[in-house]
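Below you'll find the structure, written out as structure tokens, and then a few comments.
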Amino acid sequence: MPVFLTILIGQIFVNNFVMSKFMGICPFLGVSKKMDSALGMGMAVTFVMTISSAFTYLVYQYILVPLHVQYLYTIAFILVIAALVQFVEMFIRKTSPELYASLGVYLPLITTNCAVLGVAVLNMQNHYNLVESVLSGFAGGLGFLMGIVLFSGIRERIEFNPIPKAFQGFPIALIAAGLMAISFLGFQGLI
Amino acid sequence: MASIFIPFLILGGIGILAGLLLGFASKKFAQEEDPRQQLLRECLPGANCGGCGFAGCDAYARAVAAGEVPVGRCGVGGKETADKMAAIMGVSSDAGQPMVAFTACCGTKDKAERRFHYYGTSACREASVIPGGSIKSCRYGCLGFGDCVKACLFDAIHIKNGIAVVDRDKCRGCRACIEACPKHLIRMISKEAAVEVYCSNCERGLDVKDICKAGCIGCGICSRQCPQKAITMQNDLPVIDHALCDGCGLCAEKCPVHVLRLIKEEGSSLKDERVQMVPDVVK
């Protein structure tokens, strides 16, 4: 049980994908202008990271390892995750229009972004088993969700302030993101 | 040789497998779309303003194609769009008369008293939640930070001398500003409406007079003078029934505080002078 707790806390706070690993920065900056869309994006990332953790584990353990081609993991993971996300998008579109409306529009955007690929690679490097991989993916997604929702709240408030012309838009967002990352340093040493 | 060939086979195999799976899935989960939906979507302006009550032009086109809602909900496209959509759907369009936004406040900087120097965030949404609900003494009046200006997709509303004024030629009636205004000052009126009340303060006349030189004092002269009996007093404010009003302008003439005005006489091409509170204080 402590192992699971360690993974959970570690992925959400200590090794937060955005805040301390700097992965998944593109959706983090691109879709954080409004809290609604940030929430949708975060949920989509959580969803994709969870299922891709499971599938990449299976592909690695049962295809790449037996055939002694572990060095192909990067390209194999990209292939598997891209196909999987496409498939899931089609499936959701058919079966649940409501879910598609809230989640589906974000799915093509995050097909193998660095956070999604990163979680797969880290699971492999940490020698997690299937359950641990899935948990790690889920917790990593939750960490991303928390980061992007908090950040969108900050950005919504920044909008109302008189910002010098040179800092308007992305520059001030990057500075805010940097300060937020520094605050996440406080979690270092928790586990 | 094998060291190249085997990885090639493995990756190719996974790729082909994934391709087959996706090909199969795209057939199996194919989404049938109403061909009219695309045509309807092309008629719509694509502003995605949400004035029709749907999440955007795509959503409205889908709902029309499905027969759930009538054509003519699009305020931006107006009658032209409604006619085109009606032709596609094979129905007759009965788009109502065009509506434009109207801001019921004329408490400009020189007329309405300010309670204090405000250093807070330059947004109506923020300034409306401070104690007392306004930076002006009048709790009902326009705050002038231009949340509506930001919301407007058509550059049709501007801050002039501390209050929001609608450019009636540019307004497409999408209602985005109504959603944005925390004071609920903006409402839709018919573009044909002749006269309106430029105040929202429903307190008694004496109290209004103290805090705003432009506010409605609720004297009721307009309602007594109106030959058509189109004006009734509600909550110390005149309410005009535009169906009865013939636009004679007698009320505007008789109004002692000039808060009832002929809309046509009010200027419409305006320059944006969003309130800059901080420089004001520095001066």
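Within the stretch B:107-117, is even one residue modelled with pLDDT of 90 or more and surrounded by 21 or more Cβ atoms within 10 Å (Cβ to Cβ)?
no
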- Item | Candidate set: the stretch A:52-95, residues that are over 20 Å from residue A:110 (Cα atoms) and more than 10 Å from every other protein chain (Cβ to nearest Cβ); chosen: the one surrounded by the most Cβ atoms within 10 Å (Cβ to Cβ) | A:60
- Query: In the stretch B:96-105, is there at least one residue being in contact with a strand residue (DSSP E or B) (Cβ under 6 Å, 6 or more places away or on another chain) and of a type in the set (Phe, Trp, Tyr)?
  - Reply: yes
- Candidate set: the stretch B:57-85, residues that are among the small types (Gly, Ala, Ser) and touching a Leu at 6+ places or on another chain (Cβ under 8 Å); chosen: the one surrounded by the fewest Cβ atoms within 10 Å (Cβ to Cβ): B:65
- Message: Can you tell me which residue is surrounded by the most Cβ atoms within 10 Å (Cβ to Cβ) among those in the stretch B:140-158 that are touching a residue at least 40 places away in the same chain (Cβ under 8 Å) and of a type outside the set (A, V, I, L, M, F, W, C)?
- Response: B:141
- Give the residue that is surrounded by the most Cβ atoms within 10 Å (Cβ to Cβ), with candidates limited to residues of the stretch B:3-47 that are within 10 Å of chain A (Cβ to nearest Cβ) and outside any helix (DSSP H, G or I). B:29
- Message: I'd like to know if the stretch B:85-92 contains one or more residues that are more than 14 Å from chain A (Cβ to nearest Cβ), among the hydroxyl-bearing types (Ser, Thr, Tyr) and without any contact (Cβ under 8 Å) to a residue 60 or more places away in the chain.
- Response: yes
- Query: Is there a residue being more than 14 Å from chain B (Cβ to nearest Cβ), over 22 Å from residue A:78 (Cβ atoms) and not in a helix (DSSP H, G or I) anywhere in the stretch A:119-142?
  - Reply: yes
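The values are calculated or read from the model by the stated rules, or taken from the named source; none is laboratory data. The structure presented is a predicted model; accordingly, all values stated were derived computationally and were not measured. Methodologically, a virtual Cβ is constructed for each residue, glycine included, from the backbone with ideal geometry; neighbour enumeration extends over all protein chains shown.
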